[in-house]
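Structure first, commentary second.
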Number of protein chains: 2
Amino acid sequence: MSNAAVLHAPTHASPHAHDPLHALEDELLAMPPVAALGLRVAGLDDAGRLRLRAPLSANVNDKGCAFGGSLTSLLTLAGWGLISLRLAEAGLDADVFVADSEIRYRAPLYGDLEAVAALADGESWDAFLATLHSRGRARLTVQATVPLPEGGVATESRSRYAAILKR
Amino acid sequence: MSNAAVLHAPTHASPHAHDPLHALEDELLAMPPVAALGLRVAGLDDAGRLRLRAPLSANVNDKGCAFGGSLTSLLTLAGWGLISLRLAEAGLDADVFVADSEIRYRAPLYGDLEAVAALADGESWDAFLATLHSRGRARLTVQATVPLPEGGVATESRSRYAAILKR
């Protein structure tokens with residue numbers, strides 16, 4: 001994919017275009033519903049997991065814990081962001097859509113929200129990028145979780161995304 | 001459940017407590033992430049379906065269509081609101097949690113959002129309320145859709161909720 005990186009310009013002009021995580025955060029916060037979450041990109045770790053955070057205060061429900069819709073938004077965005085980062089790295093200019101999700105709300109979260117997204121078992125970046133490059137579209141499944149501060153999981157999701165090359 | 005209605009006071013004091021749909025809207029909008037959606041309760045029809053609406057402007061994504069997280073939030077809240085209305089009508093004071101959801105994003109929506117929630121096939125309000133009344137907790141599955149203005153479905157969900165009596 002290194003040749004593709006040379007051939008395609010970055011999708012979005014941004015003061016942070018040189019820093020992929022800041023560029024992703026700018027792109028996410030340009031969406032009004034994402035800005036309302038108070039989202040921040042917390043980092044991409046060595047294992048390739050993307051972390052997004054949002055404060056409880058902007059995402060609290062009637063019971064004083066994290067709102068299910070905000071949890072799902074953060075999980076969905078973490079997967080979307082993970083894929084978008086890889087596409088930018090590969091120099092591929094594509095729209096990424098979420099196609100379907102299964103979400104389990106396992107325990108209430110009485111603290112700030114963090115979503116951690118990673119490739120689902122059996123998925124491969126190389127296969128995804130090669131398919132997208134050759135066929136113009138490809139699908140990928142991402143697993144994501146919102147951990148509990150005391151250990152364990154508040155919410156977990158498994159989502160399929162579709163990427164479609166813009167040209 | 002009519003005896004229960006006499007025994008239990010309404011959960012929330014509200015200037016709209018006499019009007020269940022306005023009281024529900026007040027309760028929903030008290031949550032910051034729901035206020036950010038720009039949610040409105042559009043009505044409960046004769047078939048027992050609850051409709052919630054939200055403007056595209058507050059819920060638009062990078063592609064100019066409805067953000068997946070907002071679609072899921074509205075779907076989840078429509079089910080939550082449907083159950084909350086029935087609990088209020090039955091005079092039962094319970095917390096309602098979403099337990100899990102399956103969501104399919106079938107087509108992009110380039111317009112305002114409306115979510116329509118109804119009992120899933122095979123579910124019964126009488127059985128749900130009787131179980132909640134006798135055991136203190138009960139589960140219920142709700143189907144919800146976001147229609148496309150031109151016909152068809154933008155997004156559909158199937159979600160299970162748990163209700164737990166407060167006393």
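The values are calculated or read from the model by the stated rules, or taken from the named source; none is laboratory data. Because the structure is predicted, anything quoted here is derived from the model rather than measured. Cβ: placed from backbone, ideal geometry, glycine included. Neighbour counts: every protein chain shown.
Scanning the range A:80-93 for residues that are of a type in the set (Gly, Ala, Ser) and crowded, with 23+ Cβ neighbours inside 10 Å, which turns out nearest to the other protein chains (Cβ to nearest Cβ)?
So the residue we want is A:Ser84.
When you look at B:Ser101, is it surrounded by 17 or more Cβ atoms within 10 Å (Cβ to Cβ) and at pLDDT 95 or above, yes or no?
yes
Within 14 Å of chain A (Cβ to nearest Cβ), at negative phi and assigned to a strand (DSSP E or B), is that true of B:Ala138?
For B:Ala138, the condition - within 14 Å of chain A (Cβ to nearest Cβ), at negative phi and assigned to a strand (DSSP E or B) - is not met.
Which residues, counting only those in the range B:62-79, are surrounded by fewer than 24 Cβ atoms within 10 Å (Cβ to Cβ) and at the interface with chain A (Cβ under 7 Å from one of its Cβ atoms)? Steps first, answer last, please.
The first filter runs over the range B:62-79 and keeps only residues surrounded by fewer than 24 Cβ atoms within 10 Å (Cβ to Cβ), leaving B:62-65.
Result: B:Asp62, B:Lys63.
Picking from B:Ala42, B:Ala36, B:Ala78, B:Ala54, which residue would you name as being touching a Pro at 6+ places or on another chain (Cβ under 8 Å), within 21 Å of B:Leu109 (Cα to Cα) and either modelled with pLDDT of 95 or more or of a type in the set (Asp, Glu) (or both)?
Only one candidate passes the filter, namely B:Ala36.
In contact with a helix residue (DSSP H, G or I) (Cβ under 8 Å, 6 or more places away or on another chain) and under 16 Å from A:Trp80 (Cβ atoms): is that true of A:Leu92 in this structure?
The answer is yes for A:Leu92.
In the range B:94-110, how many are in a strand (DSSP E or B), farther than 14 Å from B:Ser157 by Cα and either away from every other protein chain (no Cβ under 13 Å) or not aliphatic (A, V, I, L, M) (or both)? Break it down into steps so the answer makes sense when it comes.
Quick first cut of the range B:94-110, residues in a strand (DSSP E or B) only: B:94-105.
If we keep only those that are farther than 14 Å from B:Ser157 by Cα too, we end up with B:94-97.
Okay, now just the ones that are also either away from every other protein chain (no Cβ under 13 Å) or not aliphatic (A, V, I, L, M) (or both), so B:95, B:97.
Result for the range B:94-110: 2.
Just give me the residues in the range B:59-87 being under 17 Å from B:Leu44 (Cβ atoms) and not polar (S, T, N, Q), in sequence order.
Result: B:Leu74, B:Leu75, B:Leu77, B:Ala78, B:Gly79, B:Trp80, B:Gly81, B:Leu82, B:Ile83, B:Leu85, B:Arg86, B:Leu87.
For the range B:111-124, what are the residues that are in contact with a Leu (Cβ under 7 Å, 6 or more places away or on another chain) and either assigned to a helix (DSSP H, G or I) or aliphatic (A, V, I, L, M) (or both)?
Of everything in the range B:111-124, those that are in contact with a Leu (Cβ under 7 Å, 6 or more places away or on another chain) and either assigned to a helix (DSSP H, G or I) or aliphatic (A, V, I, L, M) (or both) turn out to be B:Leu113, B:Ala115, B:Ala117.
For the range B:41-79, how many residues meet the condition of being more than 20 Å from B:Asp112 (Cβ to Cβ) and touching a residue at least 24 places away in the same chain (Cβ under 8 Å)? So that I can check it myself, show each step before the final result.
Just the residues of the range B:41-79 that are more than 20 Å from B:Asp112 (Cβ to Cβ), to begin with: B:46-48.
Next, only the ones that are touching a residue at least 24 places away in the same chain (Cβ under 8 Å) stay: B:47-48.
Residues that pass the stated criteria total 2.
Look through the range A:28-59, keep the residues that are facing chain B (nearest Cβ under 9 Å) and surrounded by 20 or more Cβ atoms within 10 Å (Cβ to Cβ), and return whichever of them is farthest from B:Asp26 (Cα to Cα).
Across the range A:28-59, the extreme among qualifying residues is A:Leu28.
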